[in-house]
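Quick notes on the structure that follows.
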Amino acid sequence: MTADTLVLIPGLLNDAELWARQVPMLDDLVDRIVIPDTTAHEDIRETAAQVLAETEGALAVAGLSMGGYVALEILRQAPDRIERLALIDTSARQDSEEQRRRRTGLIELADKGRFKGVTPRLLPMLVHRSRLEDAAVTRPIFDMAGRIGKDGFIRQQKAILSREDSRDLLSDIAVPTLVMCGRDDQLTPVELSEEMANGIPGASLHVVEACGHLPALERPQECGERMRSWLQA
């Protein structure tokens, strides 16, 4: 089975711009590339079902952060349609109680009109310290958050809270799988990627050095090259 469609799923407060530098590096390997909207639903199952409804046939699915949660839910719903899987700066685990409280608090703040998107104060959680002043990296982050806006952010956060623990799926994954993570990711540390790679038979783990949570923006060439190899494997 060869995938005709590559699905690139953005993360929280991200849209298609997240993948803008990878698309021209990958589009010759597939018939089409689909970058779904992850802001329409408050349930991760509905987001995954939307992706499946908007595509046909065998899929190569790559997801970053929230996108990885959606990718795993797509696998849960339609394992026979997944031909390749890439899990980037994400986790197979549900949120801890502390993480759930933090998300719920952010939803409440946004509901009260205090949504601020991504601020300079939050950037150190997202990107490596060497890129905090790099406008080529930071400007897309601010722009994407602005486009997602308060309502989209709330729906995304509620969808993330609705996800199941996916560790039980890992041992049954039997397709070429790339697990990638920034070495200095503070949101989904390398240990979570190691857990997934160790749990998926034959998975390839690639750690991006001097990189935070967003290798697609921080290390676009390296990210694209690894994804290209994954599609050709």
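Could you give the dipole magnitude of the chain about its Cα centre, charging the beta-carbon of Lys and Arg +1 and that of Asp and Glu -1, in debye to the nearest 20?
About 760 debye.
Would you mind pulling out the separation of the Cα centroids of the stretch 162-224 and the stretch 34-72, in Å?
Centre-to-centre (Cα) distance: 17 Å.
Where in the stretch 39-130 are there GluC sites (Glu not before Pro) that are in a DSSP coil and have at most 12 other Cβ atoms within 10 angstrom of their Cβ?
Of the GluC sites (Glu not before Pro), the ones in loops of the stretch 39-130 whose Cβ has at most 12 other Cβ atoms within 10 Å are Glu54, Glu56.
Counting alpha carbon pairs within less than 8 Å and at least 6 residues apart, what relative contact order, in whole percent, applies to the chain? All intermediate terms of the calculation are to be shown ahead of the outcome.
On the way: 460 pairs, mean separation 59.7, N = 233.
Once divided by the residue count of the chain, the mean separation gives 26 percent.
Could you tell me which helices of the chain pass both thresholds, a Cα extent of 27 Å or more along their own axis and a mean Kyte-Doolittle hydropathy of at least 0.0, with helices taken as whole DSSP H runs?
TM-like helix candidates: 135-161.
Quick check on the stretch 32-98: take the gyration tensor over C-alpha atoms, sort the square-rooted eigenvalues as a ≥ b ≥ c, and tell me if it's rounded (a/c under 1.5), prolate or oblate.
Taking the square roots of the gyration eigenvalues as a ≥ b ≥ c, the stretch 32-98 is prolate.
Hey, got the dipole for the stretch 1-51? About the Cα centre, +1 on K and R Cβ, -1 on D and E Cβ, debye to the nearest 20? Intermediate values should be presented prior to the final figure.
Values: 3 positive and 10 negative charges, 26 e Å.
In debye, rounded to 20, the stretch 1-51 gives about 120.
Given charges of +1 on the Cβ of Lys and Arg and -1 on the Cβ of Asp and Glu, with all other atoms neutral, how large is the dipole of the stretch 3-91 about its Cα centre, in debye to the nearest 20?
In total the dipole reaches around 240 debye.
What Kirkwood hydrodynamic radius do you get for the stretch 126-201 when you take the inverse of the mean 1/r over all pairs of distinct Cα atoms, in Å?
About 15.2 Å, per the Kirkwood formula over Cα pairs.
Considering only Ile154, Gly63, Leu12, whose Cα is most displaced toward the positive end of the charge dipole of the chain, charges sitting on Cβ of Lys, Arg (+1) and Asp, Glu (-1)?
Of Ile154, Gly63, Leu12, it is Ile154.
Let me make sure I get this right: for the stretch 1-148, a, b and c are the square roots of the gyration tensor eigenvalues over alpha carbons, sorted descending. Under 1.5 in a/c it's rounded, otherwise prolate if a/b > b/c, else oblate. Which is it?
Oblate.
Helix-only estimate, please: 222 nm mean residue ellipticity of the chain, summing -39500 (n - 2.57) across DSSP H runs of length 4 or more and dividing by its residues, to the nearest 500.
-13000 deg cm²/dmol
Read the figures in this text as sums done on the coordinates, not as results from a lab. Computed from a predicted model, the values in this text were never measured in an experiment. A quick note on method: Cβ atoms are made from the backbone with ideal geometry, for glycine too, and the neighbour counts reach across all protein chains shown.
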